[in-house]
1. Name the single residue, out of those in the range A:29-42 being open to solvent by 10 Å² or more (accessible area, probe 1.4 Å) and near ligand 2 (Cβ under 9 Å from one of its atoms), that is modelled with the lowest pLDDT.
2. Just give me the residues in the range A:76-118 being away from ligand 1 (no atom under 16 Å from the Cβ), within 24 Å of the chain's Cα centre (by Cα) and either open to solvent by less than 30 Å² (accessible area, probe 1.4 Å) or not charged (D, E, K, R) (or both), in sequence order.
3. Can you say whether A:Leu121 is at positive phi, surrounded by fewer than 19 Cβ atoms within 10 Å (Cβ to Cβ) and hydrophobic (A, V, I, L, M, F, W, C), as far as the supplied structure shows?
4. Which number in (1) more than 16 Å from ligand 2 (Cβ to nearest atom); (2) crowded, with 20+ Cβ neighbours inside 10 Å marks the one condition that A:Lys56 misses?
5. When only residues in the range B:1-34 that are touching a residue at least 40 places away in the same chain (Cβ under 8 Å), open to solvent by 20 Å² or more (accessible area, probe 1.4 Å) and more than 12 Å from every other protein chain (Cβ to nearest Cβ) count, which is farthest from B:Ala75 (Cα to Cα)?
6. Restricting the search to the range A:22-49, which residues are near ligand 1 (Cβ under 8 Å from one of its atoms) and either more than 14 Å from chain B (Cβ to nearest Cβ) or touching a Lys or Arg at 6+ places or on another chain (Cβ under 6 Å) (or both)?
7. Which of the strands (runs of 3 or more DSSP E) found entirely inside the range A:195-237 contain at least 2 residues meeting this: away from chain B (no Cβ under 14 Å) and within 16 Å of ligand 1 (Cβ to nearest atom)?
8. Assuming A:Pro238 fulfils every condition listed in (1) at pLDDT 85 or above; (2) closer than 30 Å to A:Ile64 by Cβ apart from one, which condition is it?
Amino acid sequence: MGKNVIEVKQLSKSFGTTVALDNCDFVIRKGEIFGFLGPSGAGKTTTIKLLTGQLKSDGGDIQILGENPFSSKIKNQIGIMSDNSGLYEKMSVYDNLLLFTKIYDIDKSCIEKVLEEVDLLEAKKQLVSQLSKGMRQRLIFARTIIHSPSLLFLDEPTANLDPSTANEVREIIKKLNAKGTTVFLTTHNMEEADEMCHRVAFLNHGHIIESGQPEELKLKYSKQQIRMKTNQDDYMIPLDKDILKQELEHIDHLLMIHSVEPTLKEVFLSLTKEES
Amino acid sequence: MNLRICKALFMKDFKNCFVNKNVFLMLALPVFFGVIYKFLLGDILQGATGGFVMVLCIIMTISIVPLNVLANMVAEEKEKHTLRSLMLANVSATDFLLSKAFVALVLMLIDGILIFFVCQEPMEYFGYFLIFYILTSLSVLFFGALVGLLSKDQMSAGTLSSPLMILLMLPPMFSQLNEMIGKIAVIFPTTSFQTLYVQLSSHQNFWNQDTMIAIIVCIVWILLGILAFGYGYKKKGLDD
Ligand SMILES: Nc1ncnc2c1ncn2[C@@H]1O[C@H](COP(=O)(O)OP(=O)(O)O)[C@@H](O)[C@H]1O
Ligand SMILES: [Mg+2]
């Protein structure tokens, strides 16, 4: 997956006495979907704000596309969808995007293209105030990607969406990533992260407590057990070749053998239990 | 400053002003008063001195548009988080505020010119009228931007701007009533406009102590406005 798009070293940020981020290190590689996971208040939004130059850090180093986060050179290469992105309610879908094509100095033809991508082409003349919540979210998404950024920051893109709209948004993210866009995504939804992310980092109280590929983490924290289901019983045995062989010898009617691996959520919960 | 961005923002705000009912009402109000005074109360006011109705309506515009309309436009974008979206797309605070201030200035000009014609003022005064009017408009404009800067939503913009609006509107209207009020009224740019225009239409020598003070008051207000705005901006930033 090539070189690093973002490199963060010893990043810290406090608000008064609240420590929002404490000595965080991580990298994001070109072309990946990186999930920043954690419960609310963990410091996810603060991290995005620091990475995108909306906040100054207290200490540490951030390199983003080879520049510092405040550099105006990179602004055209990144797209940011925050949890409170606003739209112009009294303007049409089309006019909302038109304004941003002028700001970014890009061709108007991008509007139709991007509306097609988020499936809003038919609503282009509608006023934003008439749109449903899901349509709004998709429009915000369209605006975030209208200048074809190579790096996307998405702060809880599916929070507060109904399951089917959330799914639509996830599909769009995957489609963009397949075309080469690097995605930094925060979420508190562990299943979503498991489904979408190439790598994740768990954030809790401003600390990164674990990071890696979802598969890798699930194996690492697996209880190393096998679930055996027969017509009489349903039980666990340790994950061991010899024990399994022995078991199989005195079972007459085997219904199912299943390796038991934890979900990402269980990994996270066990990690946070350890910590406290 | 980026001209392309300023132009795009200007076009958007200018169009939206006529869609936004509150803004439209505020703009229409002084012109509406002009029509009422001139055509319905014309007989009663027949004895009034040069440009009385016009000056009254202009004072209203100068008090209302920068403070109410400009401050609300800035506050609305904060409240609805559209300002944040703009800043994330690399729109600078300067581009944002300049384009808004320019919209307010253009709206004031439209209002002022309408009022001038509704009140059927003599055309030979039109050029001077514009100069006095722009001078006094600028005196208040930066304070309107400051109110927008200080308010987090339209509600707080209203709370801040209402007393200021009254402060600007009342002194020139009551300056003739009593000497004390008359003296205090001089320090307001709304009074300056009145002084300058009344002197112009009196056909006497334009330059005297009063007109000079009026112009100095406007310049002082403009400078104070820029300073206050600069200070507020440095202290608070546009959006935190
Ligand atoms: N502007 C702020 N002022 C004070 N505290 C803040 C501010 N922003 C965030 N915090 C605090 O920092 C911590 C992390 O917040 P945040 O990054 O928003 O978490 P998340 O996005 O993961 O829910 C929280 O304890 C929050 O209360
Ligand atoms: Mg958050």
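The values are calculated or read from the model by the stated rules, or taken from the named source; none is laboratory data. Every value quoted in this text rests on a predicted model; they were computed, and no experiment measured them. Note that each Cβ is placed from the backbone with ideal geometry, even for glycine, and that neighbours are counted across all protein chains shown. Side chains are part of the model used for accessible areas, which takes the heavy atoms of the whole protein and leaves out ligands, DNA and RNA. Shrake-Rupley method; radii C 1.70, N 1.55, O 1.52, S 1.80 Å.
1. Pass one, the range A:29-42, residues open to solvent by 10 Å² or more (accessible area, probe 1.4 Å): A:29-31, A:39-41.
If we keep only those that are near ligand 2 (Cβ under 9 Å from one of its atoms) as well, we get A:40-41.
Working: A:Ser40: 90, A:Gly41: 93.
Selected residue: A:Ser40.
2. Of the residues in the range A:76-118, the ones away from ligand 1 (no atom under 16 Å from the Cβ) are A:76-79, A:86-118.
With within 24 Å of the chain's Cα centre (by Cα) added as a condition, the list becomes A:76-79, A:86-87, A:114-118.
Result: A:Asn76, A:Gln77, A:Ile78, A:Gly79, A:Gly86, A:Leu87, A:Val114, A:Leu115, A:Val118.
3. Working: at positive phi: no; surrounded by fewer than 19 Cβ atoms within 10 Å (Cβ to Cβ): yes; hydrophobic (A, V, I, L, M, F, W, C): yes.
Criteria not met by A:Leu121.
4. Answer for A:Lys56: the failing condition is (2).
5. My answer is B:Val31.
6. Matches in the range A:22-49: A:Gly38, A:Pro39, A:Ser40, A:Gly41, A:Ala42, A:Gly43, A:Lys44, A:Thr46, A:Thr47.
7. Details: elements: A:199-204, A:207-212, A:225-230.
Answer list for the range A:195-237: A:199-204, A:207-212.
8. (2)
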